[in-house]
Amino acid sequence: MIIAIDGPAAAGKGTLAKRLAIALNLPYLDTGLLYRATAKRVLEAGGDPTDVQAATAAARALSKADTSRADLRDAVTSKAASQVASIPAVREALLAFQREYGSANGAVLDGRDIGTVIFPHADVKLFVTASVEARAKRRQAEFIARGESVPLANVIADVAARDEADRTRAAAPLIPAEDAILIDTTTLNIEEAFLHAMQEIEKKLAASNS
Ligand code: CDP
């Protein structure tokens, strides 16, 4: 079974995906880490994340150790991740890994193009959104938990800019699949979002089996 979860930055996809993966006994892949790790390799080599050759070489050379790093979630790496993610050859280099990961035993995957490009025939597609203010507040809370204090206005600006870049790029833009179930988590806490998503998944699976 493939559960595809897409949506804009800091919408709570990761938290939700992890909970769903445990409940459904499926492996979980955070595909954003692949783009973040690619960006980090380019930045650490002193390269430019918009440089097609440098970014593509970094994506092709990606290892498990790169994606397991604890320092992939800062603002600079987030912006650079979005930049490398707009390069078609980077996306191409990361595609096979994502498909193989999901095809082995099924999976919950979260990202931007899981339901549109990576697994267009996913059993269930969720598109998770929330207002930009709600998303930025959640991201700010994550920064604070890591000991970084960033003004909310800066987080809102970063999240909005990255969404705009992700939505308007030509390669695999952030867009709900036609058959995606929309989940707005603006007023939902983690538990409520999880219960709502589980209900939607059960409905969808029951409809597919009947
Ligand atoms: O955690 P957050 O939602 O802020 O971001 P992420 O899921 O870790 O993704 C970081 C960046 O990688 C995004 O802004 C996208 O540009 C890119 N990405 C993508 O293009 N396709 C994916 N499947 C996952 C992430």
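The values are calculated or read from the model by the stated rules, or taken from the named source; none is laboratory data. Treat the numbers as computed from the prediction; the structure is a model and nothing was measured. Neighbour counts are summed over all protein chains in view; Cβ atoms, including those assigned to glycine, are modelled from backbone coordinates with ideal geometry. Protein only, heavy atoms only, side chains kept; ligands, DNA and RNA dropped before computing areas. Shrake-Rupley method; radii C 1.70, N 1.55, O 1.52, S 1.80 Å.
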Taking the stated definitions as given, is ALA136 within 12 Å of the ligand (Cβ to nearest atom) and farther than 22 Å from ALA172 by Cβ? yes
Filter segment 7-33 down to the residues that are assigned to a loop (DSSP other than H, G, I, E, B), closer than 10 Å to GLY111 by Cβ and in contact with a Gly (Cβ under 6 Å, 6 or more places away or on another chain) and list them by number. THR31
What are the residues in segment 60-113 that are touching a strand residue (DSSP E or B) at 6+ places or on another chain (Cβ under 9 Å) and under 24 Å from ALA160 (Cβ atoms), if any? ASP110, GLY111, ARG112, ASP113
Pick from segment 23-36 the residues that are more than 10 Å from the ligand (Cβ to nearest atom) and not aromatic (Phe, Trp, Tyr): which of them is most open to solvent (accessible area, probe 1.4 Å)? ASN25
Evaluate the following for LYS125: is it of a type in the set (Lys, Arg) and either within 22 Å of ALA21 (Cα to Cα) or exposed (fewer than 12 other Cβ atoms within 10 Å of the Cβ) (or both)? yes
Are any of the residues in segment 84-96 of a type in the set (Val, Ile, Thr), within 13 Å of the ligand (Cβ to nearest atom), part of a helix (DSSP H, G or I) and over 15 Å from the mean Cα position of the chain (by Cα)? yes
Across segment 56-70, what is the total count of residues that are over 17 Å from the mean Cα position of the chain (by Cα), under 30 Å from ALA141 (Cα atoms) and surrounded by 13 or more Cβ atoms within 10 Å (Cβ to Cβ)? 1
Exactly one condition in (1) in contact with an Asp or Glu (Cβ under 9 Å, 6 or more places away or on another chain); (2) under 15 Å from ASP113 (Cβ atoms); (3) open to solvent by 20 Å² or more (accessible area, probe 1.4 Å) is false for ARG73; which is it? (2)
Which condition from (1) under 22 Å from GLN83 (Cα atoms); (2) in contact (Cβ under 8 Å) with a residue 12 or more places away in the chain is the one that THR168 breaks? (2)
Show the residue pairs that are 6+ apart or on different chains and have beta-carbon atoms under 8 Å apart, the first residue being within segment 131-155 and farther than 24 Å from ASP184 by Cα, the second being assigned to a loop (DSSP other than H, G, I, E, B) and open to solvent by 40 Å² or more (accessible area, probe 1.4 Å). ARG146/ARG73; GLU148/ASP74
Does segment 110-121 include one or more residues that are surrounded by 21 or more Cβ atoms within 10 Å (Cβ to Cβ) and over 15 Å from LEU174 (Cα atoms)? no
